[in-house]
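A quick write-up on the structure given underneath.
The values are calculated or read from the model by the stated rules, or taken from the named source; none is laboratory data. Keep in mind that this is a model prediction, so the values were computed, not measured. Using ideal geometry, Cβ is built from the backbone for each residue, glycine included, and neighbour counts are taken over all protein chains shown. Ligands, DNA and RNA are stripped out before the accessible areas are found, and what is left, the full protein with its side chains, is counted by its heavy atoms. Shrake-Rupley method; radii C 1.70, N 1.55, O 1.52, S 1.80 Å.
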Amino acid sequence: MANDKKLGLTARIVIGMCAGILVGFLFKTILAGQEERILSIFGFDFAIKAFFVDGLFHVGGEIFIASLKMLVVPLVFVSLVCGTCSLSDTSSLGRLGGKTIGLYLLTTAIAISIAIFAALIFSPGLGVEMQADTTFSLSEAPSLSQVFINIFPSNPFESMAKGNMLQVIVFAVLFGLAMAMSGKSGERLAAVFSDLNDVIMKLVTVLMNLAPYGVFFLMAKLFTTLGFETIASLAKYFAVVLFVLLFHGFVVYGAMLKLVSGLNPKIFFSKMRDAALFGFSTSSSNASMPVTMETVTKKLGVKNSVASFTVPLGATINMDGTAIMQGVATVFIAQVFAVDLTITDFLMVILTATLASVGTAGVPGVGLIMLAMVLQQVGLPVEGIGLIIGVDRLLDMTRTSVNISGDAMVSCIVGKSEKEFDIDVFNDPNAGVKDENIDFNQLR
């Protein structure tokens, strides 16, 4: 533990990630063609895959993900209630929501436009001869009317139990507004929620200190089972998607942050390292939401009244990374099946993917559902999705990091425009750092 304290959280996460990747490669080499290989240690026999990969690595990684997801609903509900009831002018909530949703839709439209442009230039599907894997199952996308109906919870406790974030957000906002209008009773309850919020954020900090170990388990299992043969066959598609993700994450977000808010992108990206690493390792915006919230409020200086709304909403509807995958995948599938798309088709792809990012929020398999909607809209075979499934897991890790960065960037812009932003915290290189490392001796 003493040695751990000498290293920052970012360094420890990177060490855990690199160690996990190396161990994964090692186990993949050992298990090559010998899935049932036995290891003998001190007279005990271990089935390597069953004990380490399917046992230790799987259990450790799943416990880490579950512990993060455990905090999502209470964090969103409590922080959003606190933020809503603390608004000096409750009528500003509509303006806040309009700015947030508008920026998320704008970045999604930009993301898919760049993706289509890059795919047309590099043509990743030309000359590719592959058979689609049609064994995947696809959930049916809800109708537009059902989408609006599903936003409002009939049973808020059921919504919390199922993790339906849009319904939790709506109930939390209404509950917070009711508290703000309830006079003394609301003030007493607000103090309780404020204390709850402090406790939950401290629990987030505790879990952040366990992240290097969780990341190690996740990376070790992933790189033991990852099929690089598939990646090699789709190398050009993989490279184009990765390039656009990095370009959008650094260039587009950095430019928007600088032009709209005047904030320094270098400081922003420096402070987003931990949250981006969490997103990369978990492949889930929802699971990473507690860390994103901690980063946005304590390191970037966005007040909780704004961050409690923008971060949960972004984790639910901001799908820039998924939109990039859809843009490149649409062109890739069209090229593989020799289908010429018109300008009208491309405009329809941009519109459909942008609106679907909100319409399919919270639906299982959302990325594939959105892509299926896009393909159907322009007359491409949905079976083409099977071509890219093999490499989607690794790309999903990167696009989650992009999505999280987008959530934080929009939070900063909206917070600064609403004058709910602390520029001193943003510029302070040590802001939030002292809270990262916990002395676990005090827990004994």
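With respect to the stated conditions, Lys221 fails to be within 24 Å of Asp422 (Cα to Cα) and among the charged types (D, E, K, R). Restricting the stretch 286-315 to residues that are closer than 16 Å to Val402 by Cβ and open to solvent by 10 Å² or more (accessible area, probe 1.4 Å) leaves a set whose member that is modelled with the lowest pLDDT is Asn286.
Within the stretch 41-63, restricting attention to residues that are at pLDDT below 80 and of a type in the set (Val, Ile, Thr), the residue that is farthest from Lys28 (Cα to Cα) is Ile41. When the stretch 316-346 is filtered for residues that are open to solvent by 10 Å² or more (accessible area, probe 1.4 Å), among the β-branched types (Val, Ile, Thr) and over 18 Å from the mean Cα position of the chain (by Cα), the ones remaining, listed by number, are Val336, Val339, Thr342, Ile343, Thr344. Does Ile116 satisfy the criteria of being open to solvent by less than 70 Å² (accessible area, probe 1.4 Å) and at pLDDT below 85? No.
What do you reckon, is Leu203 modelled with pLDDT under 90, open to solvent by 20 Å² or more (accessible area, probe 1.4 Å) and of a type in the set (A, V, I, L, M)? Judged against the criteria, Leu203 is a match. Among the candidates Asp407, Asp392, Asp396, the residue that is part of a helix (DSSP H, G or I), open to solvent by 20 Å² or more (accessible area, probe 1.4 Å), modelled with pLDDT of 80 or more and closer than 29 Å to Ile101 by Cβ is uniquely Asp396. When Gly386 is tested against (1) modelled with pLDDT of 85 or more; (2) more than 26 Å from Ala172 (Cα to Cα); (3) in a helix (DSSP H, G or I), exactly one condition is not met: (1).
Residue pairs, Cβ under 9 Å, 6 or more apart or interchain, first in the stretch 248-272 and within 12 Å of Leu300 (Cα to Cα) and open to solvent by 60 Å² or more (accessible area, probe 1.4 Å), second part of a helix (DSSP H, G or I) and among the charged types (D, E, K, R). List them. Within 9 Å, the pairs are Asn264/Lys258.
For Asn155, the test of being of a type in the set (S, T, N, Q), in contact with a Ser or Thr (Cβ under 9 Å, 6 or more places away or on another chain) and modelled with pLDDT of 85 or more is failed. Name the pairs whose Cβ atoms lie under 8 Å apart, with the first residue in the stretch 146-164 and within 22 Å of Ala356 (Cβ to Cβ), the second open to solvent by 100 Å² or more (accessible area, probe 1.4 Å), and 6 or more positions between them or separate chains? Pairs that qualify, where the first residue is within 22 Å of Ala356 (Cβ to Cβ) and the partner is open to solvent by 100 Å² or more (accessible area, probe 1.4 Å), are Gly163/Lys69.
Could you please let me know if Ile413 is modelled with pLDDT of 95 or more and outside any loop (DSSP other than H, G, I, E, B)? Spelling it out, Ile413 is indeed modelled with pLDDT of 95 or more and outside any loop (DSSP other than H, G, I, E, B).
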